[in-house]
Structure formats: structure tokens, C-alpha cells
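Asks: Below: one structure in C-alpha cells.
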Amino acid sequence: MKHPKHERTLVLIKPDAVQRSLIGEIIKRYEQVGLKLVAMKFLVPTEDHIETHYTLDPAWRKVTGEKTIKGYVDKGLEPPEKDPHKVTEALLTKLKKYMTSGPIIAMVWQGAHAVAIVRKITGSTEPLMSDVGTIRGDFVLDSYQMTDSDGRSIRNLVHASGSVKEAEQEIPHWFSAKELIEYRLVQEQILYDVNLDGILE
């Protein structure tokens, strides 16, 4: 069985974060917790690449549409559509416009419970509901209310894989196997070595 320290997750620093000069701050948060950066690239993705990214899971359209509709109902609001597929069709159009509006940074982070740790540090999808101390809670003031009235995608700085399975689908979409660098960080001895050997000489 693989040690949890080998778990990997995909992170995309979105165009709004790049434009607001938050690249270093975002990377620092993941580094400080002890995760290891194993791949990174700077690019402007195509609309096709973004659409494929969000639809790697065939259930994404249905599940995301249903979740969006439920979100409206829970707030006592009328959803724009009752059909989950129509909801995600509109959502995907907005996401493609947002994610191709400028350069992004694609990264792969590795470490124990990488998916859950990155999600915790990043914060809730809606910045308004993100806790203070998270990336979205500290650096964004956007909300679904604003995006609905503006007819745009939520600007929340970062995409992070939602599960280990999702990460395993997303990483090969953005990186080839040879772009994932296998190397040792000195701090891994402190994080993972059972006996903390080698500290004292």
C-alpha cells in the first residue's frame, strides 16, 4: 500500500489571482504546510482544454447542476433553470470565458493527504463563505449573488481537485508523466521519518 506522502493533487492559479499578483502568496501557503511542488507550468489554456477539464467526470454536468439548483433553493431563491444539464451548460460557458481570459499557473502538489489539505487551505468555492485564514477567505470578496447579477463565473483565485479520484483524472490532463518531477526534499525527513534519524551528528 502506498504511503499517504505520495498523494498528489492539481492546483490551478486562475487568471484573477495572476492579475492580482497573488502567485507567491498562494504557493507559499501550500509550501508552508509541508507539501512538495512536483510540477508547474504557465500558460493560457484553450476553451476546449477547459471544457474537457471540467467534464473529465461524465457525472459532472448532472451532479454540479443539481448542487447548483439546491444552492438556490436552500437560499429561498428561484433557480435560473430546473434542468441540471442546462444549468451546467451556462456555467461551463462562463467558466471557459473566465479561465481563458489570461494566463494561469497549473501545478501538482504532493504530500500526505494533499487533496484534503489543499482544499482546506484554499477555502470554500464561494469566497463569501470561506473562513478567514483560507486563501479565498483572505483575498476575495466575491459571491454567488454578485456573479448571478453580473452573469459571470465566480472569481475565486484557485481550482483544487475535489477528491483523490478527481486529482488522478485532472493531473494527466494538464501534465505528461515526464513533467512530474521525482525528487527528495530535506524537510520530508522531518515530516515523514519515523525516528527523526539524522538530526543530531
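The values are calculated or read from the model by the stated rules, or taken from the named source; none is laboratory data. Just so we're clear, the structure is a prediction, and the values are computed from it rather than from any experiment. Quick reminder, even Gly has a Cβ in these numbers, built from the backbone with ideal geometry, and neighbours come from all protein chains shown.
Asks: Among the listed residues Val186, Val87, Val158, Val194, which satisfies the condition of being of a type in the set (A, V, I, L, M, F, W, C), closer than 19 Å to Trp60 by Cβ and more than 19 Å from the chain's Cα centre (by Cα)?
Replies: Val87
Asks: Looking at Ile27, Ile69 in this structure, which one is surrounded by 17 or more Cβ atoms within 10 Å (Cβ to Cβ) and not assigned by TED's automatic domain parsing to the domain that holds Asp148?
Replies: Just one listed residue meets the conditions, Ile69.
Residue-wise test of (1) farther than 30 Å from Ile181 by Cβ; (2) exposed (fewer than 14 other Cβ atoms within 10 Å of the Cβ).
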site: Gly76; (1), (2): yes, yes
site: His85; (1), (2): yes, yes
site: Leu91; (1), (2): yes, no
site: Lys96; (1), (2): no, no
site: Ser101; (1), (2): no, no
site: Ala106; (1), (2): no, no
site: Gln110; (1), (2): no, no
site: Glu126; (1), (2): yes, no
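Asks: Okay, moving on. Only residues that are out of contact with any Lys or Arg (no Cβ under 7 Å at 6 or more places or on another chain) and crowded, with 20+ Cβ neighbours inside 10 Å: list them for segment 128-139, please.
Replies: Arg136
Asks: Also, quick follow-up: Can we say Arg8 is within 14 Å of Val140 (Cβ to Cβ) and not aliphatic (A, V, I, L, M)?
Replies: No: the conditions fail for Arg8.
Asks: Quick test of your reading of the structure: Lys96 fulfils all but one of (1) within 17 Å of the chain's Cα centre (by Cα); (2) farther than 17 Å from Ile26 by Cα; (3) assigned by TED's automatic domain parsing to the domain that holds Gln187. Name the failing condition by number.
Replies: Evaluating Lys96 over (1) within 17 Å of the chain's Cα centre (by Cα); (2) farther than 17 Å from Ile26 by Cα; (3) assigned by TED's automatic domain parsing to the domain that holds Gln187 leaves (3) as the failure.
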